[in-house]
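A quick write-up on the structure given underneath.
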Amino acid sequence: MPVELFNTLTGRKEVFRPAGDVVSMYVCGLTPKNHPHIGHAWLFVSVDVMRRYLEFSGYQVKHVQNFTDVDDKIIEAGHRDGIPPEEAAARYIESYWKGMDALNVLRPTVTPYATRFIPQIVRMIGELIAQGYAYQADGDVYYRVTRFPEYGKLSGNTLERLAAGARVEVGEHKENPNDFALWKAAKPGEPSWESPWSAGRPGWHIECSTMIREVLGDTIDVHWGGRDLIFPHHENEIAQSEAATGKKPFVRLWMHVGLMQTGSEKMAHSLGNFVTIHDMIGEFGADVLRMYLVSEHYRTPVTFSIEYIGRAKERLKRLQAAVRNLAFLNEQAAARPSPGETFATGKLADALRDQADSSLAAFREAMDDDLTTPRAIAAVEALAKQINTTNDEVAHDPSLATEELLPGLHYAGDVFGQLCRVLGLDLSLEKAGAETSGLTDDVIQDKVNERNAARQRKDFASADRIRSELAEAGVTIEDRPQGTIWYRA
RNA sequence: GGCGACGUGGCCAAGUGGUAAGGCGGGGGUCUGCAAAACCCCUAUGCAGCGGUUCGAAUCCGCUCGUCGCCUCCA
């Protein structure tokens, strides 16, 4: 089954066919002007899931994602924070990495910074001027949209229709209201670079065109961004790149994530209605946040709500239980040699294998169909349920856990692990342990032993007291027929 | 005004012609000293409304109502 993905340019799902052996993928990254919010996380997690799934499916991906580290908003951020613009950019880039690492988002293969490509940007603008696609006016340089007949093809517009809207103001120097700046002359005190036209800085769109060309080439396989970038940003990138290189298409597959909504409007720094990644990770943990984001389809405009994150937390519990149960069952089964083939244990092992196979198939089918993660998660949950059911069977009859169960456990565990990794859910036990508080393993084990002694002598008051003390320290206890296990959660 | 997305149970969410996945919540069980977790069972004659096409539509077409995004910085 081929992977099919929705292409904004054609408005339909298309079979994914990268041009070469390595998928070239560019993502419009951040303009680091503030701490990244949940809407940003929604984009980057979606990209990450796609990348992980492509890699899982045997592709190699060259993932390039930029920082536009020079921009009017960054200059403003510098004023706001009382630091130079470069420092503001560095601060928010750092904040970005911190959030992404926590969310288990793979780092891009290459991360170009706009400010490190100024000579190449200047050269590309020069080419556009030489070819008549751009003109200078009083130190600024503008793109001449009327020279590019296909202007509007990504957003479904034409120049006539855009003109009908007439909400774009005609700049003093523009020939056409839809012309956009390639180079802006600096005002006093603003960061600037020398160019043939003025000391100034690049306009907003040109840096992406230049960096893509320099790092990936004239035509790339995939370009990602938020829906709000379709017009004018990505429209302008097409106009710049296809004009300058003369090669079409600039991008074979345009992908856009739906916008995160707060209440009934889009979440945005400029609207002041944003919730930062950092705050949500602090409150719920990164895995829960990732689970929440992945449980929505990437093209849907999702409404942000604390309540929904709470649901993701509940959902994640089943998966985490499966990880614990796998470890527990493996331990139990390995410790007991098989007395020879037994019908009941064989049936358990078969059920694990069967569910792993069908979950894997369902997962692939869902992901092949434009990365339908909500359905993919259902497949993972079905496998988790089978693992947990096995645990229940063994709880009722401990003698079922013999070496004969091991192959089924290993197979199911392997598939379960792979699928979770594609979704970027990191459910490892080590990590769960590392995240929490004060008590050492030995101290906890002592308390558990102490509690069990109390239970033995039917001193349930003491037993319950110890249990709630542990609970307050973030340690959960499960009493099983084979003994008590504990974990930090 | 132009372009586009969308409207499925209390809530979230799959489902592009064949008779409504999954999750949260709720109810009932199993297990437990009691819990917790897990597991099992139940929880939409109906998919915004009205027409139409079809043997058959949540799924296709038309109209109506409603929500959101873009057209200005924005992931």
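Side notes on the structure shown:
- Highest mean packing first, where packing is the average number of other Cβ atoms within 10 Å per residue, the peptides A:465-473, A:317-325 line up as A:317-325, A:465-473.
- Set against the 2.2 N^0.38 Å expectation for a compact globular protein, region A:193-256 has a Cα radius of gyration ratio of 1.17.
- Heavy atoms of the protein chains alone define the surface here; on that basis chain A has 45 Å² accessible area per residue at 1.4 Å probe size.
- On full extension, the segment bounded by residue A:173 and residue A:227 gains 16.5 nm, given 0.36 nm per residue less the C-alpha separation.
- Hydrodynamic analysis of region A:386-489 uses the Kirkwood radius over alpha carbon pairs. Inserted into Stokes-Einstein at 25 °C and 0.890 mPa s, it gives a translational diffusion coefficient of 154 µm²/s.
- On full extension, the segment bounded by residue A:14 and residue A:106 gains 30.6 nm, given 0.36 nm per residue less the C-alpha separation.
- Projected area averaged over orientations for region A:315-427, convex hull of C-alpha atoms, nm²: 6.3 nm²
- Among the chymotrypsin sites (Phe, Trp or Tyr not before Pro) found in region A:285-383, not one is both in a DSSP coil and sparsely packed, with 13 or fewer other Cβ atoms within 10 Å of its Cβ.
- Put simply, the convex hull of the Cα atoms in region A:436-488 casts, on average, a shadow of 3.3 nm².
- Global geometry of region A:110-238, whether rounded, prolate or oblate, following the gyration tensor of its Cα atoms and the 1.5 cut on a/c: oblate
- For residue A:23, nonlocal amide neighbours, meaning residues 5 or more places apart or on other chains whose placed amide H falls under 5 Å from its own, are A:60, A:61, A:62.
- Chain A, helix-only ellipticity at 222 nm - DSSP H runs n ≥ 4, -39,500 (n - 2.57), divided by all residues, nearest 500: -16000 deg cm²/dmol
- DSSP bridge pairs, chain A: antiparallel proportion in percent, nearest 5: 55 percent
- If you plug the beta carbon distance of residue A:22 and residue A:414 into 1/(1 + (r/R0)^6) with R0 = 41 Å, you get a FRET efficiency near 0.90.
- Note on chain A: the C-alpha convex hull projects to 27.3 nm² when averaged across all orientations.
- Counting only DSSP beta bridges with both residues in region A:182-275, the antiparallel share comes to about 50 percent.
- Theoretical FRET efficiency, 1/(1+(r/R0)^6), r = Cβ-Cβ of residue A:97 and residue A:341, R0 60 Å, to 0.05: 0.70
- Column: log10 I(q)/I(0), Debye, Cα scatterers of region A:50-167, q = 0.15, 0.17 Å⁻¹: -1.07, -1.12
- Over 25 Å [Cα-Cα, region A:237-368], rounded percent: 56 percent
- Shown are A:486, A:183, whose ranking by accessible area with a 1.4 Å probe and every protein chain present, most to least, is A:486, A:183.
- Counting only protein chain heavy atoms and rolling a 1.4 Å probe, the accessible areas of A:179, A:354, A:72 rank, largest first, as A:354, A:72, A:179.
- Region A:190-262 and region A:96-122 have their alpha-carbon centroids 15 Å apart.
- Normalising the Debye intensity of region A:71-112 to I(0), with uniform scatterers on Cα atoms only, and taking log10 at q = 0.20, 0.23, 0.28 Å⁻¹ returns -0.67, -0.77, -0.89.
- In this structure, the amide hydrogen of residue A:140, modeled 1.01 Å from its nitrogen in the peptide plane, lies closer than 5 angstrom to those of A:185, counting only residues at least 5 positions away or on a different chain.
- Rounded FRET efficiency, nearest 0.05, which uses the C-beta distance separating residue A:279 from residue A:358 and R0 of 30 Å: 0.15
- Fully extended contour minus Cα-Cα distance, from residue A:248 to residue A:86, at 0.36 nm per residue: 54.8 nm
- Ranking by accessible area, most exposed first, for A:24, A:270 with a 1.4 Å probe: A:270, A:24
- Alpha-carbon centroids, region A:271-290 and region A:318-397: separation in whole Å: 31 Å
The values are calculated or read from the model by the stated rules, or taken from the named source; none is laboratory data. Predicted model only: the values in this text are computed from it and were never measured. Cβ sites come from the backbone with ideal geometry, for glycine too, and all protein chains shown count toward neighbours. Ligands, DNA and RNA are excluded from the accessible area calculation, which covers all protein heavy atoms including side chains. Shrake-Rupley method; radii C 1.70, N 1.55, O 1.52, S 1.80 Å.
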